[in-house]
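Working notes, beginning with the structure itself.
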Amino acid sequence: MLPTVPYHPTPFEKAREMLKLAGLKEGECLYDLGCGEANILIVGAEEFGAACVGIEKDASLVRMARRKIKERGLEDKITIIEGDIFSDIFWSYRGRGDKPYAISKADVVAMYLNFNMHEVIVPMLEKELREGVRVVSYEFFIRGWKSVRELPMIFVFEKGKSF
């Protein structure tokens with residue numbers, strides 16, 4: 001059985017700090033794994049000019065996220081995919097076929113996932129991400145990786161430097 005994580009929304013202030021520390025730039029692609037209400041994505045689109053993709057399996061959170069995005073007029077900047085982050089459709093290295101939402105397209109990956117989730121998702125990220133992609137984790141340090149930047153409870157890692 002794959003691990004799950006209880007939902008705790010990322011405050012907008014923390015989302016802003018995360019994306020600033022990750023060095024998100026206008027035009028880059030931001031993925032949020034388990035995006036909940038889409039707070040990180042909203043900040044990424046509104047304040048940083050990023051193209052954003054969120055993955056969330058809870059249908060009620062997906063509806064809430066889509067409503068917030070529509071209220072802010074961000075439908076052309078943020079895509080919410082209802083699904084499990086472990087699904088093959090997000091991982092280029094797993095199987096064949098077109099994968100328009102493959103995580104390999106990300107420039108920055110945001111996550112607020114616990115250590116149980118890390119045990120499964122971290123090896124997948126190591127295989128999937130391109131050199132230079134930044135991973136920003138809120139509250140949970142990624143064991144075995146070396147952070148390139150930190151604030152209290154926010155950790156940034158970079159493929160090629162951290163792992």
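Rule-based calculations on the coordinates, nothing more; no lab input. Here the structure is a predicted model, which is why all the values come from computation and not from measurement. All Cβ positions, even for glycine, are placed from backbone atoms using ideal geometry, and neighbour counts span all protein chains on display.
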If contacts are Cα pairs under 8 angstrom and at least 6 residues apart, what is the relative contact order of the stretch 13-158 in percent?
22
Considering only DSSP beta bridges where both residues belong to the stretch 13-158, give the percentage that are antiparallel (nearest 5).
30
Top mean-square fluctuation among 23, 34, 95, Gaussian network model of the chain, C-alpha springs under 10 Å?
95
I'd like the Karplus ³J(HN,Hα) series for the stretch 135-149: coefficients 6.51, -1.76, 1.60, θ = phi - 60°, whole numbers in Hz, and an x wherever there's a Gly or Pro.
10, 10, 10, 9, 6, 10, 5, 8, 4, x, 9, 10, 5, 9, 8
With the crude spin-label approximation of a point 7 Å out along Cα→Cβ, what separation in nm comes out for residue 146 versus residue 71?
4.4
Each label sits 7 Å from Cα toward the beta-carbon; between residue 1 and residue 119 the label points are separated, in nm, by 1.3
Rounded to whole angstroms and listed largest first, the alpha-carbon spread of the stretch 69-157 along its three principal axes comes to 37, 32, 25
Here the stretch 30-38 yields Karplus 3J(HN,Hα) values (6.51, -1.76, 1.60; θ = phi - 60°; whole Hz; Gly and Pro given as x) of 10, 10, 10, 8, x, 6, x, 7, 6
Just one of (i) 74, 40, 21; (ii) 71, 40, 35; (iii) 40, 36, 30 is Cα extents along the principal axes in Å calculated from these coordinates, so which is it?
(iii)
Connecting C-alpha atoms closer than 10 Å in a GNM of the chain, tell me which of 11, 100, 152 has the biggest fluctuation.
152
Check: in the chain the Lys pairs 8 or more apart or on separate chains whose Cα atoms fall under 16 Å apart number 11
Given DSSP loops and a limit of at most 15 other Cβ atoms within 10 Å, what is the longest stretch of the chain that contains no such GluC sites (Glu not before Pro)?
76-130
Comparing 90, 115, 141, which has the greatest mean-square fluctuation in the GNM of the chain with Cα pairs linked when under 10 Å apart?
115
